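Trainee: Shown below is the structure under consideration.
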Amino acid sequence: MTDNEIMLVGKNGQVGWELQRTLASLGRVAAFDRTMLDLTDIAAVRAAVRRLHPRLIVNAAAYTAVDAAETAQTQAQVLNADIPGVLAEEAKRLGAVFIHYSTDYVFDGVKSSPYTEEDTPRPLNVYGLTKRAGEEAVQAVGGAYLIFRTSWVYGRRGKNFLRTLWRLAAEKDTLSIVDDQIGAPTWSRMIAEATALVLAQCGEGLGAAAGIYHLACAGGASWHGFAQAVFAHRGTPRQPLLRPIPSRDYPLPARRPGNSLLSSEKLQRQFGIALPDWRQALALCLAEDEENV
């Protein structure tokens with residue numbers, strides 16, 4: 001898949017920012033943010049796709065404020081469910097490949113082992129419900145699509161747990177962090193790199209490879225364990241005391257799954273791609289220049 005126009009929606013998000021670089025190896029990238037394309041205007045979205053006539057559409061836009069989504073349900077529905085369906089329709093009409101990103105929060109967390117693509121989604125919150133609705137909308141359209149479910153995404157840009165930790169560490173001597181939710185912290189750059197690697201294998205089409213894939217780092221941690229690993233990094237300027245607490249001691253508007261680990265074995269079988277252990281990925285992320293953290 002080279003020398004084709006690529007349409008990237010959501011270029012300034014955590015994954016979108018990284019995709020601008022990784023997709024460039026596959027063709028000319030036309031990247032859009034919210035100031036360039038109003039995703040609440042369905043007609044404008046369709047017009048933009050038809051004007052560009054891309055061979056690949058990558059949707060990295062989403063409403064990701066998990067707690068705010070409980071009261072901003074309409075906005076979450078539009079961005080997480082309606083727009084993916086619209087983009088999938090336009091991609092199919094053009095014969096283009098469509099890439100969409102979803103979340104581990106489509107699961108309820110009662111399973112004791114990592115979730116596979118065959119497990120039944122049962123979201124606990126509005127964010128998860130709307131993301132699942134987006135998956136279903138894309139599946140209903142069909143065509144050449146890939147949906148990547150990701151987990152606990154962090155990076156050096158945007159709002160995420162890593163950047164929140166650095167900010168709080170500068171303000172407080174003690175941080176109380178939930179220790180009974182388990183997931184796989186996944187660096188946004190590795191999601192973008194894996195996406196490009198998958199697409200590079202696909203030539204002019206996906207064929208039977210179309211579908212949902214889990215794309216997350218190996219291993220797992222609690223939020224408290226993730227924080228411990230962050231502050232164990234030798235470049236950390238200040239290390240607060242980390243106090244583990246149960247979720248009940250830190251009530252939030254949206255319920256979270258206790259276990260949202262994702263098995264990425266299907267991705268490895270189909271494309272030969274496996275992300276490293278989350279600790280290794282975190283070390284690589286933190287080893288970079290700290291000035292933007």
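The values are calculated or read from the model by the stated rules, or taken from the named source; none is laboratory data. It should be emphasised that the depicted structure is a prediction, and the values quoted were computed from it without experimental measurement. Don't worry about glycine lacking a Cβ; one is built from the backbone with ideal geometry, like all the others, and counts go over all protein chains shown.
Trainee: Quick one: which of ARG132, ARG34 is under 16 Å from the mean Cα position of the chain (by Cα) and among the basic types (Lys, Arg)?
Mentor: Checking each option against the conditions leaves just ARG132.
Trainee: Looking only at segment 118-129, decide whether some residue is surrounded by fewer than 18 Cβ atoms within 10 Å (Cβ to Cβ), modelled with pLDDT of 95 or more, among the β-branched types (Val, Ile, Thr) and over 15 Å from ARG256 (Cα atoms).
Mentor: yes
Trainee: Is it the case, given these coordinates, that VAL15 is crowded, with 21+ Cβ neighbours inside 10 Å, among the β-branched types (Val, Ile, Thr) and touching a Ser or Thr at 6+ places or on another chain (Cβ under 8 Å)? Spell out the reasoning first.
Mentor: On the way: crowded, with 21+ Cβ neighbours inside 10 Å: yes; among the β-branched types (Val, Ile, Thr): yes; touching a Ser or Thr at 6+ places or on another chain (Cβ under 8 Å): yes.
Taking the combined requirement at face value, the residue satisfies it.
Trainee: While we're on this one: Can you tell me how many residues within segment 238-276 are in a strand (DSSP E or B) and either buried (at least 17 other Cβ atoms within 10 Å of the Cβ) or within 19 Å of the chain's Cα centre (by Cα) (or both)?
Mentor: Here the count works out to 3.
Trainee: What do you reckon, is ALA31 at negative phi, touching a Phe, Trp or Tyr at 6+ places or on another chain (Cβ under 8 Å) and either surrounded by 15 or more Cβ atoms within 10 Å (Cβ to Cβ) or at pLDDT below 95 (or both)?
Mentor: Considered against the rule, which asks whether it is at negative phi, touching a Phe, Trp or Tyr at 6+ places or on another chain (Cβ under 8 Å) and either surrounded by 15 or more Cβ atoms within 10 Å (Cβ to Cβ) or at pLDDT below 95 (or both), ALA31 comes out as no.
Trainee: Also, quick follow-up: Evaluate the following for ALA68: is it over 13 Å from GLY10 (Cα atoms) and modelled with pLDDT of 95 or more?
Mentor: yes
Trainee: I've got another one for you. Please give the number of the condition ASN59 fails out of (1) in contact (Cβ under 8 Å) with a residue 60 or more places away in the chain; (2) surrounded by 15 or more Cβ atoms within 10 Å (Cβ to Cβ); (3) polar (S, T, N, Q); (4) closer than 21 Å to LEU206 by Cβ.
Mentor: Answer for ASN59: the failing condition is (1).
Trainee: Scan segment 186-196 and give yes if some residue there is crowded, with 17+ Cβ neighbours inside 10 Å, over 22 Å from ASN59 (Cα atoms) and in contact with a strand residue (DSSP E or B) (Cβ under 9 Å, 6 or more places away or on another chain), otherwise no.
Mentor: No, segment 186-196 contains no residue that is crowded, with 17+ Cβ neighbours inside 10 Å, over 22 Å from ASN59 (Cα atoms) and in contact with a strand residue (DSSP E or B) (Cβ under 9 Å, 6 or more places away or on another chain).
Trainee: Taking segment 65-113, which residues are crowded, with 23+ Cβ neighbours inside 10 Å and either more than 22 Å from GLY16 (Cα to Cα) or β-branched (Val, Ile, Thr) (or both)?
Mentor: Correct list: ILE83, VAL97, ILE99, THR103, VAL106, PHE107.
Trainee: Mind counting the residues in segment 281-292 that are surrounded by fewer than 18 Cβ atoms within 10 Å (Cβ to Cβ) and either in contact (Cβ under 8 Å) with a residue 40 or more places away in the chain or assigned to a loop (DSSP other than H, G, I, E, B) (or both)? If you could, list the steps in order and put the result at the bottom.
Mentor: First pass over segment 281-292, keeping only residues surrounded by fewer than 18 Cβ atoms within 10 Å (Cβ to Cβ): 283-284, 287-292.
Right, trim to either in contact (Cβ under 8 Å) with a residue 40 or more places away in the chain or assigned to a loop (DSSP other than H, G, I, E, B) (or both) and you get 283-284, 287-290, 292.
Result for segment 281-292: 7.
Trainee: Moving to a separate point now. Test ALA47 against the stated conditions and say whether it is part of a helix (DSSP H, G or I), of a type in the set (A, V, I, L, M, F, W, C), modelled with pLDDT of 95 or more and surrounded by fewer than 15 Cβ atoms within 10 Å (Cβ to Cβ). Lay out the reasoning, then the answer.
Mentor: Details: part of a helix (DSSP H, G or I): yes; of a type in the set (A, V, I, L, M, F, W, C): yes; modelled with pLDDT of 95 or more: yes; surrounded by fewer than 15 Cβ atoms within 10 Å (Cβ to Cβ): yes.
Spelling it out, ALA47 is indeed part of a helix (DSSP H, G or I), of a type in the set (A, V, I, L, M, F, W, C), modelled with pLDDT of 95 or more and surrounded by fewer than 15 Cβ atoms within 10 Å (Cβ to Cβ).
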